[in-house]
Amino acid sequence: MRKNIVAGNWKMNKTFQEGIEFAKELKDVLANEKPNCDVVICSPFIHLASLATILEVTEIGVGAENCADKVSGAYTGEVSAAMVASTGAKYVILGHSERRAYYGETAEILKEKVKLALANDLTPIFCIGEVLEEREAEKQNEVVYNQLADSLFELSDEDFSKIVLAYEPVWAIGTGKTASSAQAQEMHAYIRSVIAKKFGNEIADNTSILYGGSCNPSNAKELFSNPDVDGGLIGGASLKVNDFKGVIEGFN
Ligand code: PEP
């Protein structure tokens, strides 16, 4: 059966020291109250090795927010999937709308990143979602279908089954404007139907599809109660331990 997952995305926040402090605090908090879902922290590259060491004995996973689309070589400033894996991280967010919009990440580039992440035993948390104009034009299904098809449809069944998806309507990210519970369920059910058609019912049933976009302690429970919403990718509310804990408690 698919897993329920709450994954934090720190984005470009937290100094090294702040990140370490957060991990230690979260470790203590979750040792006292066992979560009813998998918990992952995705951080900037600089934190990864230390977070992985601090959280090694816990069930809290660590992930990167990106990785390179090349194996190695003269790509100044880039960090490869192998480097991410060598820190002890197990996940990597790929295709976040901020990477697509601000850093020109195309479907082709993301296809390469997914391949390299999988080759290095990282679980991609692959983000898809429409912008406001697309939602207003009722094109959200078409947009999401194309994002899936263009980057993931060439994967084998075995490789696709290692992917976690995150539906993140771009208009809901960091805006305080959450998709309604019904909108989230409708899209997640659609995504699962697309996967079923392409990869079969069993893989579709086993794929975790997270919701992302202004998810916080006060709306997490309702969002997560939908049958096709298997958790959340959490930006703003992953920056404070109490808020993140509140989101995790959406599964209580
Ligand atoms: C995100 O960046 O993935 C995200 C969901 O952000 P926020 O929770 O702040 O909307």
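Structure summary
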item	result
Among (1) within 16 Å of the ligand (Cβ to nearest atom); (2) open to solvent by less than 80 Å² (accessible area, probe 1.4 Å), the one test that C37 misses	(1)
Candidates E138, E158, filtered to the one that is away from the ligand (no atom under 16 Å from the Cβ), part of a helix (DSSP H, G or I) and at pLDDT 95 or above	E158
Condition check for D205: touching a His at 6+ places or on another chain (Cβ under 7 Å), modelled with pLDDT of 95 or more and away from the ligand (no atom under 16 Å from the Cβ)	no
Residue that is of a type in the set (A, V, I, L, M, F, W, C) and over 20 Å from the mean Cα position of the chain (by Cα), where the choices are I93, I41, I20	I20
Matching entry among I109, I54, I60 (being away from the ligand (no atom under 16 Å from the Cβ), farther than 21 Å from A166 by Cα and β-branched (V, I, T))	I54
Which numbered condition T123 fails, given (1) within 15 Å of the chain's Cα centre (by Cα); (2) crowded, with 21+ Cβ neighbours inside 10 Å	(2)
Considering residues of the range 213-238 that are more than 9 Å from the ligand (Cβ to nearest atom) and closer than 25 Å to I20 by Cα only, the residue most open to solvent (accessible area, probe 1.4 Å)	P217
G250, sole failed condition from (1) in contact with a Gly (Cβ under 8 Å, 6 or more places away or on another chain); (2) within 11 Å of the ligand (Cβ to nearest atom)	(2)
Qualifying residue in the range 188-201 (condition: among the small types (G, A, S), in contact with a Ser or Thr (Cβ under 9 Å, 6 or more places away or on another chain) and more than 16 Å from the ligand (Cβ to nearest atom))	no
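The values are calculated or read from the model by the stated rules, or taken from the named source; none is laboratory data. Quantities reported herein were computed from a predicted structural model and do not represent experimental measurements. As a convention, Cβ positions derive from the backbone with ideal geometry for all residues, glycine included, and neighbour counts pool all protein chains shown. Surface accessibility is based on the protein's heavy atoms, side chains included, excluding ligands, DNA and RNA. Shrake-Rupley method; radii C 1.70, N 1.55, O 1.52, S 1.80 Å.
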